[in-house]
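*Asks:* Before we start, here is the structure in question, set down as structure tokens.
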Amino acid sequence: KRIELNDAVAHDCLAQAYFVGSHGFPKDQRKAFELFLRATELGSLHAPVAVAQCFGEGHGVNIDAAKEKHYLKVAAKRGDMLGRYYLGKFEWHGGNKSLAMKHWQISAAAGHDGSLHRIKEGFMNGFVTKDEYAHALRAHQKVRNDAQSEERERYAAIHLSG
């Protein structure tokens, strides 16, 4: 029913079920790709990463690096930090190490652990300065601390109220 209403999340969930063949749906990567693509068109935050991975690995479509990069950019622009992380990897493997580090700095500042690890490696190998690494580390830690504080407040409100 949510599919008929063009719900992006419903398309994304159904695509995942077809992708792996779960919840009574047969494994059909072409159908999954089409649903991920529709979810992306409908504004899904996470579906563009799945579309990019389909193009990058040939799941349900032919491998197409240009389209893979395009959908990683869509994901990054929508604020998906995993998409930005993968865009950094794409740039790194394409030889654009400086741009890769910039993508990882953005996603690390939003709390993405893998990106922080890449920046640490970049620092150890001379691709980022000590100040850039320190800035990423502080921003990452602030996001983590803020998230923990919010979780504590929710727990206290639920479990410790009178």
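*Asks:* Which residue is least open to solvent (accessible area, probe 1.4 Å), if the candidates are limited to the range 67-111 and must be closer than 28 Å to ASN145 by Cα and aromatic (Phe, Trp, Tyr)?
*Replies:* It comes out as TRP104.
*Asks:* How many of the residues in the range 116-140 are closer than 11 Å to GLN105 by Cα and outside any helix (DSSP H, G or I)?
*Replies:* 1
*Asks:* Also, quick follow-up: Is there any pair with a first residue in the range 77-89 that is within 8 Å of ALA100 (Cα to Cα) and aliphatic (A, V, I, L, M) and a second that is part of a helix (DSSP H, G or I) and open to solvent by less than 40 Å² (accessible area, probe 1.4 Å) whose Cβ atoms are under 9 Å apart and which are 6 or more apart or on different chains, and what are they?
*Replies:* Sorted first by the residue in the range 77-89, then by its partner, the pairs are LEU87/ALA52; LEU87/LEU72; LEU87/ALA75; LEU87/ALA76; LEU87/ALA100; LEU87/HIS103; LEU87/SER107.
*Asks:* Return the residues of the range 136-155 that are open to solvent by 70 Å² or more (accessible area, probe 1.4 Å) and aliphatic (A, V, I, L, M); say none if nothing qualifies.
*Replies:* Within the range 136-155, LEU137 is the sole residue that qualifies.
*Asks:* For the range 29-41, which positions are surrounded by 16 or more Cβ atoms within 10 Å (Cβ to Cβ) and touching a residue at least 24 places away in the same chain (Cβ under 8 Å)? So that I can check it myself, show each step before the final result.
*Replies:* Initially, the range 29-41 is screened for residues surrounded by 16 or more Cβ atoms within 10 Å (Cβ to Cβ), giving 29, 31-40.
Answer for the range 29-41, where residues must be surrounded by 16 or more Cβ atoms within 10 Å (Cβ to Cβ) and touching a residue at least 24 places away in the same chain (Cβ under 8 Å): GLN29, LYS31, ALA32, PHE33, GLU34, LEU35, PHE36, ARG38, ALA39, THR40.
*Asks:* For residues in the range 1-26 being within 14 Å of GLU41 (Cβ to Cβ) and part of a loop (DSSP other than H, G, I, E, B), which is least open to solvent (accessible area, probe 1.4 Å)? It would help to see each step written out before you state the result.
*Replies:* Initial filter on the range 1-26 (within 14 Å of GLU41 (Cβ to Cβ)): 3, 6-12, 15.
Keeping just the survivors that are part of a loop (DSSP other than H, G, I, E, B) gives 3, 6-7.
Numbers: ILE3: 57, ASN6: 76, ASP7: 35 Å².
So the residue we want is ASP7.
The values are calculated or read from the model by the stated rules, or taken from the named source; none is laboratory data. Note that the coordinates shown come from a computational prediction; the quantities given were computed from them, not determined experimentally. Note that each Cβ is placed from the backbone with ideal geometry, even for glycine, and that neighbours are counted across all protein chains shown. Keep in mind that these areas ignore ligands, DNA and RNA; they rest on the heavy atoms of the full protein, side chains included. Shrake-Rupley method; radii C 1.70, N 1.55, O 1.52, S 1.80 Å.
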